[in-house]
Amino acid sequence: MPKVSSVIVPYAAYLRVYEPLAAFPEEERGHWTRYARRTDLPSYQDELRRSLADLLPVPPVPVPVHESADAFVTEVDGVVCVCPWRTRLRGWQALEELAEDFPQPVLDACCPPFVRRQSP
């Protein structure tokens with residue numbers, strides 16, 4: 001994947017769970033098997049840049065319209081393991097938690113109610 005920027009985005013840590021390809025249902029396993037063979041896999045910086053870019057439009061796009069087809073890939077003892085980004089799922093989970101952390105006026109300003117109502 002071509003580098004979009006030389007700017008390093010500050011990183012927020014989160015738990016990544018890598019699963020061997022055999023752990024995925026057959027249809028999904030096929031996707032991740034083909035994906036893991038790619039030579040141009042995106043980095044954690046690419047994931048961060050994409051998520052931050054969606055916050056620039058007005059209104060912001062706090063949750064992607066479609067689930068990400070990207071993942072982190074590693075090999076452990078000869079076994080290919082994948083950690084799907086699941087950006088859309090994680091975004092909706094984070095939005096649900098926002099109401100617990102911010103007063104309503106602040107929440108409405110950063111993420112309008114009509115955007116939050118689009119929850120699946």
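The values are calculated or read from the model by the stated rules, or taken from the named source; none is laboratory data. The structure presented is a predicted model; accordingly, all values stated were derived computationally and were not measured. Here the Cβ is made from the backbone with ideal geometry for all residues, glycine too, and neighbour counts use every protein chain on show. What goes into the accessible areas is simple: the full protein's heavy atoms, side chains included, and nothing from ligands, DNA or RNA. Shrake-Rupley method; radii C 1.70, N 1.55, O 1.52, S 1.80 Å.
Remarks
- Whenever a residue of region 13-36 is free of Cβ contacts under 8 Å to residues at least 40 places away in the same chain, it has no partner that is among the polar types (S, T, N, Q) and open to solvent by 80 Å² or more (accessible area, probe 1.4 Å) lying with C-beta atoms less than 7 angstrom away and at least six residues away or across chains.
- Within the option set Ala69, Ala23, Ala36, being surrounded by 10 or more Cβ atoms within 10 Å (Cβ to Cβ), closer than 28 Å to Val115 by Cβ, small (Gly, Ala, Ser) and modelled with pLDDT of 85 or more holds for one residue only, Ala69.
- Among the candidates Glu47, Glu28, the residue that is surrounded by 12 or more Cβ atoms within 10 Å (Cβ to Cβ), modelled with pLDDT of 80 or more and more than 30 Å from Cys110 (Cα to Cα) is uniquely Glu28.
- Condition check for Arg86: at positive phi and within 18 Å of the chain's Cα centre (by Cα): yes
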